[in-house]
Amino acid sequence: MDSEKLYDLSYMNQVTKGNTALLEKLCQAFITGASQGIATLETASEAGNIDLVQETSHTLKTTLATMNVREATALLILINKSARLKVNTEEIPAMVERAAVIIRDAVTQLKNDLQL
């Protein structure tokens, strides 16, 4: 990928204070959590399970915020709000699809950049 970074490790670098082993461990946890979270969100969205969409988007937005995946975090906030309030639910599948692309691209960038 030659485009701009979809993630930012500033917060993680502050937390790990130069401990590269810990940074790598946290990045691995992020990769696993984000990958599992988006898969669950896609399944819930496809099934029309609004309660699971709300629960999963809430958890996933926090996970993404720690890595500063801004665009996907913003989408997840909208998805979460729509699911929680049960408004604009017809827009959720498209937002989930867009978030999934961004999250998977961010995970790929992170793996490549850190050679994980």
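For this structure, a couple of remarks:
- Test: residue in region 9-19 that is assigned to a helix (DSSP H, G or I) and of a type in the set (A, V, I, L, M, F, W, C): yes
- Of the criteria (1) surrounded by fewer than 21 Cβ atoms within 10 Å (Cβ to Cβ); (2) in contact with an Asp or Glu (Cβ under 7 Å, 6 or more places away or on another chain), which one residue 6 fails: (1)
- Candidates in region 33-47 are the residues that are among the β-branched types (Val, Ile, Thr) and in contact with a helix residue (DSSP H, G or I) (Cβ under 6 Å, 6 or more places away or on another chain); of these, the one that is nearest to residue 102 (Cα to Cα) is 38.
- Of all residue pairs spaced 6 or more apart or on separate chains, those with beta-carbon atoms under 9 Å, a first member in region 73-98 that is closer than 17 Å to residue 51 by Cβ and a second member that is of a type in the set (A, V, I, L, M, F, W, C) and outside any helix (DSSP H, G or I) are 81/87.
- Residue 73 vs. criteria among the polar types (S, T, N, Q), over 26 Å from residue 4 (Cβ atoms), touching a helix residue (DSSP H, G or I) at 6+ places or on another chain (Cβ under 9 Å) and surrounded by 14 or more Cβ atoms within 10 Å (Cβ to Cβ): no
- Restricting attention to region 13-32, the residues that are closer than 30 Å to residue 91 by Cα and surrounded by fewer than 17 Cβ atoms within 10 Å (Cβ to Cβ) total 2.
- Meets criteria (within 16 Å of residue 104 (Cβ to Cβ) and modelled with pLDDT of 95 or more) for residue 45: yes
- Output for region 59-87, where each listed residue is of a type outside the set (A, V, I, L, M, F, W, C), under 24 Å from residue 25 (Cβ atoms) and in a helix (DSSP H, G or I): 59, 61, 62, 63, 66, 70, 73
- Some residue of region 50-57 being part of a helix (DSSP H, G or I), under 12 Å from the mean Cα position of the chain (by Cα) and at pLDDT 95 or above: yes
- The lone exception for residue 50 - which of (1) in contact with a helix residue (DSSP H, G or I) (Cβ under 8 Å, 6 or more places away or on another chain); (2) hydrophobic (A, V, I, L, M, F, W, C); (3) closer than 30 Å to residue 23 by Cα it fails: (3)
The values are calculated or read from the model by the stated rules, or taken from the named source; none is laboratory data. Everything numeric in this text was worked out from a predicted model, so none of it was measured. Every residue, glycine among them, receives a Cβ derived from its backbone with ideal geometry; neighbour counts consider all protein chains shown.
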